[in-house]
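Taking it in order: structure first as C-alpha cells, then the write-up.
The values are calculated or read from the model by the stated rules, or taken from the named source; none is laboratory data. None of these values were measured; they are calculated from a predicted model. Here Cβ is always computed from backbone atoms with ideal geometry, including for glycine, and neighbour counts include all displayed protein chains. These area figures cover heavy atoms from the full protein model, side chains too; ligands, DNA and RNA do not enter into them. Shrake-Rupley method; radii C 1.70, N 1.55, O 1.52, S 1.80 Å.
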Amino acid sequence: MAGILVKKILNEPELYLIRINDDEIKYFEATWYIPEGITYNSYLMKLKDAVVLFDTVKKDYADMFLEELTKLVDPREITHIIVHHTEPDHSGALPKVLEANGYRARVIGTAFARNLLEGFYGKEVVKNFQVVKDGEELKIGNRTFRFITVPWLHWPDTMITYVVEDKLIFSCDAGGGYSIPEEIDDSSEEVVKEYLPYVTKYVVTVIGHYHKYIVQNIEKLKKLGIIDNAKMILPGHGLIWRKNPSRIFEHYERIGAGIPEKDKVLVIYDSMYGFVEERMKIVIDELKKLGKKPIVYRFTDRESPAVADILGEVPTAEAIVIGASTFEADIHPRIRYALFEILDKANYEKPVLIVGAFGWGGVAGRKIETLIARSKFDHMATIESRGRPTKEDEEKIRETVRALF
Ligand code: FEO
C-alpha cells in the first residue's frame with residue numbers, strides 16, 4: 001500500500017518534504033514496468049508573510065496528501081503554488097488543494113503550463129495563474145524566486161525554481177529517478193549507489209526521447225552558475241541532493257552523453273527453439289574471454305524481461321549485441337519492440353553487432369541493419385545463417401566479436 005512521508009528538511013527557511021511512496025504502481029505512464037515503485041515529492045516552504053507549495057502529487061493520493069499538508073498548514077494560508085511541470089504525477093492533486101485553499105493562492109508557471117492545466121482540470125485552476133518567463137524573478141515573502149525554463153525536461157512546459165538567498169534548486173522531473181529510496185537524501189553512499197541505476201532507467205524511459213535537451217539544459221544551468229553553488233537540489237521524484245548536489249546532474253549528463261562503463265556489453269536476444277541462443281552462448285563466451293562483462297537480456301519461452309530495464313542499460317554499455325530470429329518474414333516481435341524503444345529513447349553512438357538465425361529465409365538481420373542505419377548507432381556486422389550454428393558460423397561469430405573492440 002502506498003504511504004506518505006513528511007519531513008522537515010530545513011529550519012531557515014522552514015521547508016518540508018511531503019513524499020508519496022507509490023509502491024502500487026506497476027507501469028509508469030502505463031508503459032514502463034517499475035516494480036521498484038516511485039515517489040512523488042512535493043515541498044512546502046513557510047516564509048514571513050507567505051506560504052509556498054512546490055508541485056503536488058498524483059491524483060490517486062490527493063486525499064492522503066491534503067491530510068498531511070493540513071497538519072503543516074491551514075491550506076487557506078497557502079499564498080503561492082509553483083507548478084514546475086504539469087504532468088499529472090505532479091499536478092493531479094492540484095484541483096483538490098486549490099479547492100481546500102479557496103482558490104486564494106497564486107498559481108505560478110510557464111504559459112505552456114497554464115494552457116495544459118486548463119486543458120487537464122478546467123478554467124477554475126488557472127483563474128489566479130501568473131505566467132512567468134525564463135529568468136524572471138519574483139519576491140515572495142522575504143525571498144527571491146528565480147524561474148528558469150528547462151524545456152523537454154520533461155515536457156515543453158517545464159521550469160525549475162532557484163531560491164536565490166538559500167541557493168535551493170527545485171527541479172521537478174530533472175534530477176529525479178524511480179524507486180522508493182530508504183532515505184530522503186544522498187547522505188548514505190549505500191543508498192545512493194543502489195538508487196543511481198533507477199535514475200538511469202528513469203531518465204532513459206521518461207526523458208530519453210529528448211536526451212539531447214538534458215545536456216543542453218544542464219549546460220544552461222551551469223552557465224547561470226547555479227549548479228555548482230547549489231546548497232540543495234530538490235527533485236519531484238526520489239532522493240534530495242544535499243551532501244553533493246551537483247552529483248545528480250553530473251549523472252544526468254553522463255546518461256545524456258551515453259558515457260560507457262568500462263567493459264560493459266549489452267546482449268539482447270530472442271530464441272524460440274534455441275538456435276539464436278546457441279549463437280549467443282558463443283558471443284557471451286568470446287566476450288568473457290576478452291575480459292568484457294556481458295549483461296544479458298533474453299526473450300525465450302520462459303523469460304520476458306522488461307524493456308524498461310533493457311533501456312536503462314543502454315547509456316552505460318560500450319557495445320550492443322542483438323540476437324534475433326526471423327519471424328514471419330520480420331524481426332521477432334519481442335526484439336522488434338525492444339529495438340523500437342531503444343532507437344527512440346536511447347539512441348547513442350555505440351557499436352552494434354547483429355546475430356541472426358532463420359529457417360527458410362533470413363530477414364531479421366537485414367531489417368535490423370536498416371533500422372540501425374537510420375540511427376546514431378554504428379552497425380559493425382551482421383552474421384545470420386540457417387538453423388543451428390556450424391563450426392564456420394562459430395569461427396565467424398568469435399572473430400566478429402573480437403573485432404568489435
Ligand atoms: Fe514526473 Fe514528467 O512527470
Unique match (being of a type outside the set (Phe, Trp, Tyr), more than 16 Å from the ligand (Cβ to nearest atom), out of contact with any helix residue (DSSP H, G or I) (no Cβ under 9 Å at 6 or more places or on another chain) and open to solvent by 10 Å² or more (accessible area, probe 1.4 Å)) among Lys289, Lys293, Lys212, Lys231: Lys231
Subset tally (residues that are without any contact (Cβ under 8 Å) to a residue 60 or more places away in the chain and hydrophobic (A, V, I, L, M, F, W, C)) for the range 209-236: 3
Filtered residue count, the range 52-72, keeping only those that are more than 16 Å from the ligand (Cβ to nearest atom), out of contact with any helix residue (DSSP H, G or I) (no Cβ under 9 Å at 6 or more places or on another chain) and assigned to a helix (DSSP H, G or I): 5
Residue match in the range 106-119 (condition: open to solvent by 60 Å² or more (accessible area, probe 1.4 Å) and under 22 Å from the mean Cα position of the chain (by Cα)): yes
Residues that are in contact with a strand residue (DSSP E or B) (Cβ under 6 Å, 6 or more places away or on another chain) and assigned to a helix (DSSP H, G or I), drawn from the range 73-92: Glu77, Asp89
Val163, sole failed condition from (1) within 16 Å of the ligand (Cβ to nearest atom); (2) in contact with a strand residue (DSSP E or B) (Cβ under 6 Å, 6 or more places away or on another chain); (3) among the aliphatic types (A, V, I, L, M): (1)
The range 150-166 residues that are under 26 Å from Pro13 (Cβ atoms), paired with ones that are assigned to a strand (DSSP E or B) and within 9 Å of the ligand (Cβ to nearest atom) (beta carbon under 7 Å, 6 or more apart): Thr158/Cys172; Ile160/Cys172
Inter-residue pairs, beta-carbon under 7 Å, first without any contact (Cβ under 8 Å) to a residue 60 or more places away in the chain and in the range 189-208, second more than 16 Å from the ligand (Cβ to nearest atom) and charged (D, E, K, R), 6+ apart: Val191/Glu182; Val191/Glu183; Val192/Asp186
So Glu253, is it at pLDDT 95 or above, open to solvent by 10 Å² or more (accessible area, probe 1.4 Å) and acidic (Asp, Glu): no
Asp63 vs. criteria of a type in the set (D, E, K, R), in contact (Cβ under 8 Å) with a residue 24 or more places away in the chain and under 20 Å from Ile18 (Cβ atoms): yes
Residue match in the range 95-114 (condition: within 28 Å of Pro181 (Cα to Cα), touching a strand residue (DSSP E or B) at 6+ places or on another chain (Cβ under 6 Å) and away from the ligand (no atom under 14 Å from the Cβ)): no
The range 170-186, residues that are out of contact with any helix residue (DSSP H, G or I) (no Cβ under 6 Å at 6 or more places or on another chain), under 18 Å from Glu250 (Cβ atoms) and either more than 16 Å from the ligand (Cβ to nearest atom) or not assigned by TED's automatic domain parsing to the domain that holds Gly236 (or both): Asp185
Count of residues meeting criterion [free of Cβ contacts under 8 Å to residues at least 24 places away in the same chain and over 18 Å from Phe65 (Cβ atoms)] in the range 92-114: 2
Residues that are free of Cβ contacts under 8 Å to residues at least 12 places away in the same chain and of a type in the set (Ser, Thr, Tyr), drawn from the range 342-378: Thr370
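Filter the range 1-40 for residues that are in a loop (DSSP other than H, G, I, E, B), within 21 Å of the chain's Cα centre (by Cα) and not aliphatic (A, V, I, L, M) and give the result.
Filtering the range 1-40 for residues in a loop (DSSP other than H, G, I, E, B) gives 1-2, 11-13, 23-26, 29-31, 34-37.
Now narrow it down to the ones that are within 21 Å of the chain's Cα centre (by Cα): 2, 23-26, 29-31, 34-37.
Matches in the range 1-40: Asp23, Glu24, Lys26, Glu29, Thr31, Pro35, Glu36, Gly37.
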Residues of the range 116-158 that turn out to be within 16 Å of the ligand (Cβ to nearest atom) and among the acidic types (Asp, Glu), as a count: 1
